Amino acid sequence: YDPSLLEFMDSYLDEEGEIKEDASPDLKRIRKAMRSKAREADRVFHDVMKKLRSTGSLAESPESTRNGRRVLAVLAEHKRQVKGIIHDESSSGKTVFIEPEAVIPVNNDLIDLAAEERREIYRILKDVCNEIRLHIDKLPVYLHGVIYMDAIQARVNASRQYGGIVPDVKDKSMFKLYQARHPLLLLKNKKENKVTVPFNYHLHHPNRLMILSGPNAGGKSVTMKAVGLLQLMVQSGFPVPVGEGTEMGVFHKFFADIGDQQSLEDDLSTYSSRLRNMKDFLDSSDERTMVLIDEFGTGTDPKFGGALADSILYALNKIGVYGIITTHYSNLK
């Protein structure tokens, strides 16, 4: 890493990426003159406003801006008493917005200085870009370095919010979760000072698939989603909210069938969309695949749905996939 480019840019740009005042002698002179003119314009404007206020010529909110110019809100019946340029009037016609004559030359000077400032900034940026162009081959490397470090920092900051740890990761398909919690549920409960109940999930060889059943609102889907989310997070480099002793495998494919995927565009009913998913799972799965299926077999007559789910589950098991399936069907249980 060569710090010279950053040092060069630091001499011209501040932390917000704006051009520094001392980037060039001319810019320093222009901005100093602008501050001086702004103070002069402020003084003249307030002198005029003070006089007109004493005569009762101004509206309740006397000051405004129109067309980039500072103006006074003058009551329409007094507009001929105020020398200056009329820029606008209110929708009711009761107020006229006038730039006082005494302020016009000072405002004109400010506009000229602003144009001069823009030209000088353009010249400086052109010189800076010409210098940066000499380092153009390094910029993609620096960009990817910044993205890499930023992504790591984001993962660390996220894991600190829910107290994540780095589990022991094995290069094989497996589950061994201790005191695991759903990260999003944990964050939600933390804000509300609620306790998130952890779960253990450990399949002993040769078991690979877990059928989860039980009453509605019993936590089946949350547990299933937690296992999938934790697995994806670990494989994306996140520390996760699990207990010590947790071991997690590595999966090469992830398939999930969660929720209603009915589609009018694709002419799919609720059940046909689920059947299409099952076909994709069976066509593409292998021993390094994680499968998550919520309410397996639902969407049709329970007699037929249960039988189809039975045969699909048998085929998935034969392929050797790992995962969790939630169901209410007694034939699957």
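The values are calculated or read from the model by the stated rules, or taken from the named source; none is laboratory data. For clarity, every value in this text was computed on a predicted model and none was experimentally measured. When we count neighbours, we look across all protein chains shown, and the Cβ atoms used for this are built from the backbone with ideal geometry, even at glycine. Accessible surface is based on the protein model in full, side chains and every heavy atom, while ligands, DNA and RNA are left aside. Shrake-Rupley method; radii C 1.70, N 1.55, O 1.52, S 1.80 Å.
In terms of distances greater than 24 angstrom between alpha carbons, the cross-link table entries 51/79; 170/191; 170/333; 176/253; 170/279 yield 170/191; 170/333; 170/279.
Using a/c under 1.5 as the rounded threshold, could you call the stretch 57-150 rounded, prolate or oblate? The axes a ≥ b ≥ c are square roots of the C-alpha gyration tensor eigenvalues, and prolate needs a/b larger than b/c, oblate otherwise. Prolate, because a/c is 1.5 or more and a/b exceeds b/c.
Ranking 110, 148, 95 by Cα position along the charge dipole of the stretch 91-157, where only Lys, Arg, Asp and Glu carry charges on their C-beta atoms, puts 148 farthest toward the positive end. Cut-off under 19 Å on the C-alpha distance; same-chain residues fewer than 8 positions from residue 28 excluded. Which lysines are left, in chain and number order? Here the lysines satisfying the reach criterion relative to residue 28 are 20, 37, 126.
Between 0 and 90 degrees, the angle of helix 302-319 with respect to the longest Cα principal axis of the chain falls at about 90 degrees. Charged side chains reduced to their Cβ positions (Lys and Arg at +1, Asp and Glu at -1) give the chain a dipole of some 860 debye around its Cα centre. Projecting the Cα positions of 135, 293, 9 onto the charge dipole of the chain (unit charges on Cβ atoms of Lys, Arg, Asp and Glu, taken about the Cα centre) puts 293 furthest along the positive direction. How much length is gained on full extension from residue 85 to residue 170, taking 0.36 nm per residue of separation minus their Cα-Cα distance? Stretched fully, the residue 85-residue 170 segment lengthens by 22.8 nm. Working note: Cα atoms of the chain, range along each principal axis, descending, whole Å: 93, 58, 43.
For the chain, the fraction of 1.4 Å probe accessible surface lying on carbon and sulfur atoms is 54 percent.
Positive end of the dipole of the chain (Cβ unit charges, origin at the Cα centre): among 25, 281, 161, the Cα lying farthest that way belongs to 161. With springs only between Cα atoms under 10 Å, which of 202, 252, 46 fluctuates most in a Gaussian network model of the chain? Among 202, 252, 46, the largest mean-square fluctuation in the Gaussian network model of the chain belongs to 46.
When each of the peptides 224-237, 153-166, 100-113 is scored by how many other beta carbons lie within 10 Å of its residues on average, the order from highest to lowest is 224-237, 100-113, 153-166. Dipole check for the stretch 90-129: with +1 at the C-beta of Lys and Arg, -1 at the C-beta of Asp and Glu, and the Cα centre as origin, the magnitude is about 240 Debye.
Subtracting the Cα-Cα distance of residue 283 and residue 195 from their residue separation scaled by 0.36 nm leaves 27.5 nm. Of all DSSP beta bridges confined to the chain, the antiparallel ones make up roughly 60%.
How large is the dipole of the stretch 130-232 about the Cα centre if only Lys and Arg carry +1 and Asp and Glu carry -1, each at its Cβ, rounded to the nearest 20 debye? Spell out each step's value before the answer.
Working: 15 positive and 6 negative charges, 93 e Å.
Around 440 debye, computed over the stretch 130-232.
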